[in-house]
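These notes concern the structure reproduced below.
The values are calculated or read from the model by the stated rules, or taken from the named source; none is laboratory data. Quantities reported herein were computed from a predicted structural model and do not represent experimental measurements. Quick reminder, even Gly has a Cβ in these numbers, built from the backbone with ideal geometry, and neighbours come from all protein chains shown. Just so you know, the surface numbers come from the protein's heavy atoms only, side chains and all, with ligands and any DNA or RNA stripped out. Shrake-Rupley method; radii C 1.70, N 1.55, O 1.52, S 1.80 Å.
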Amino acid sequence: MPNQRKSSDTSQRAVTLRDVADAANVSTAAVSRVLHGGGQTVRVSEARAEHIRAVAEQLNYRVNAVARNLRTSRTHTIGVLFENLSGFSSGPLYTTYLLDGVCSVLFKNQYRLTLLSAIEHGDLRGSLGDGQIEGVIWCKLARDEETLQLIRRTPIPIVALNAAAPEEGTDTVYVNCDNRGGIELAVEHLRQLGHRRIAFLYESEERNTPDCVERSAAYEKSVSARGGTPVVVEWQWFLNGLAEHLIEIGCTAVICWTESLAGRLLLKLHEAGVQVPERLSVVGFDSTQYCEATTPRLTAVNQPIRQMAAHATQALLNLISGQDPGPFSTVFPCTLDVRGSTAIHLTAEDLS
């Protein structure tokens, strides 16, 4: 039984640090050192530390996270910033995979997660520097000079995910996939199937999104290098009239900048009576399990979303703790998952 310095009834109230100290017959400083990681100058033997933990367990002592954070000026919380986040249950799983990667690192390090759906660009310091979070993973960080200057002045560390590092160098950590390599795989795949009129598709609302910009530029370069004519198509979100337009301009294949867009395109093509892949081949980008559920199953560029997110999270935790975050720019390779939405180009004669 634990030693009892003085009688105290803890059955009707929360057990305190002093209660554990009295029951274990040690100082509160020793209890704080063992249970809170405080009192760095206090020396406690391993045997005594085990005794303190056993007493705390017997008394059902629970660390007061709020009080601990006030003492240490730490919140053990990071933010993940998704601007224009629309939800998680619409089908495509990019966001789900990303959060899975973040949480796989975060939770085992006893950190919490806050989702940020918007930020005040005119007051970035106020938005991120209010003391509630210790660092931010900024998804699809814009590369305009204004934003780059803003993040240099923020009082907390930021890691940019799914955004390419500036060519002139950076002191911010960037984690991205090889968008250029992924698009190259998609173009080459379609070319080998005999397609020459290949379009690249994105929504008007996403024209300035870093990944979209980079993939579009990579597509134009890849098609031009093969002697083709790039066909970049920008369309409104709901894709009304798009199926007819693609046929009208003679496209036989389309590369969509995300699997979400590709999935919506497949539905519109089906409604318009356009056969996939017989009349039009479709390629997406991300290649989560969602691509197995479309009709037909969606060929897509595979970016390792979970691994990228986990890497970004560990880099952020290292920055917060003053450790080396690793390279300031990490690019993960992409692969191509060929499924049922792409096939050999058939001529009008073949289709008749």
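Table for the structure above
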quantity: Top-ranked residue of region 249-259 - restricted to ones that are more than 22 Å from Gln303 (Cβ to Cβ) and of a type outside the set (Gly, Ala, Ser), ranked as surrounded by the fewest Cβ atoms within 10 Å (Cβ to Cβ); calculated: Ile249
quantity: Condition met for Ser260 (small (Gly, Ala, Ser) and under 14 Å from Thr335 (Cβ atoms)); calculated: no
quantity: Test: residue in region 236-248 that is touching a residue at least 12 places away in the same chain (Cβ under 8 Å), under 17 Å from Gln303 (Cα atoms) and either open to solvent by less than 20 Å² (accessible area, probe 1.4 Å) or assigned to a loop (DSSP other than H, G, I, E, B) (or both); calculated: no
quantity: Test for Tyr97: is it at pLDDT 70 or above, surrounded by 14 or more Cβ atoms within 10 Å (Cβ to Cβ) and within 30 Å of Ile158 (Cβ to Cβ); calculated: yes
quantity: Asp211 vs. criteria within 26 Å of His311 (Cα to Cα), at pLDDT 95 or above and touching a Phe, Trp or Tyr at 6+ places or on another chain (Cβ under 9 Å); calculated: no
quantity: Pick from region 260-271, criterion open to solvent by 40 Å² or more (accessible area, probe 1.4 Å), more than 21 Å from Tyr219 (Cα to Cα) and touching a residue at least 24 places away in the same chain (Cβ under 8 Å), ranking: nearest to the chain's Cα centre (by Cα); calculated: Lys268
quantity: Filter result (crowded, with 20+ Cβ neighbours inside 10 Å, of a type in the set (A, V, I, L, M) and farther than 26 Å from Cys139 by Cβ) within region 188-230; calculated: Leu190, Ile198, Ala199, Val223
quantity: Test: residue in region 222-232 that is within 13 Å of Cys256 (Cα to Cα) and not in a helix (DSSP H, G or I); calculated: yes
quantity: Extreme residue, modelled with the highest pLDDT, among residues of region 1-16 that are open to solvent by less than 40 Å² (accessible area, probe 1.4 Å) and closer than 28 Å to Gln110 by Cα; calculated: Val15
quantity: Residue in region 279-301 that is modelled with pLDDT under 95, assigned to a helix (DSSP H, G or I) and surrounded by fewer than 17 Cβ atoms within 10 Å (Cβ to Cβ) present; calculated: no
quantity: Region 17-58, subset part of a loop (DSSP other than H, G, I, E, B) and over 27 Å from Tyr111 (Cβ atoms), residue modelled with the lowest pLDDT; calculated: Arg43
quantity: Of all residues in region 130-153 being more than 18 Å from Ser117 (Cβ to Cβ) and either polar (S, T, N, Q) or modelled with pLDDT of 75 or more (or both), the one that is most open to solvent (accessible area, probe 1.4 Å); calculated: Gln149
quantity: Failed item, numbered, when Gly169 is tested on (1) open to solvent by less than 10 Å² (accessible area, probe 1.4 Å); (2) modelled with pLDDT under 70; (3) not basic (Lys, Arg); calculated: (1)
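Yes or no, residue by residue, for (1) closer than 30 Å to Gly322 by Cβ; (2) within 20 Å of the chain's Cα centre (by Cα):
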site	(1), (2)
Glu167	yes, no
Leu190	no, no
Ile198	no, no
Thr209	no, yes
Ala217	no, no
Ala225	no, no
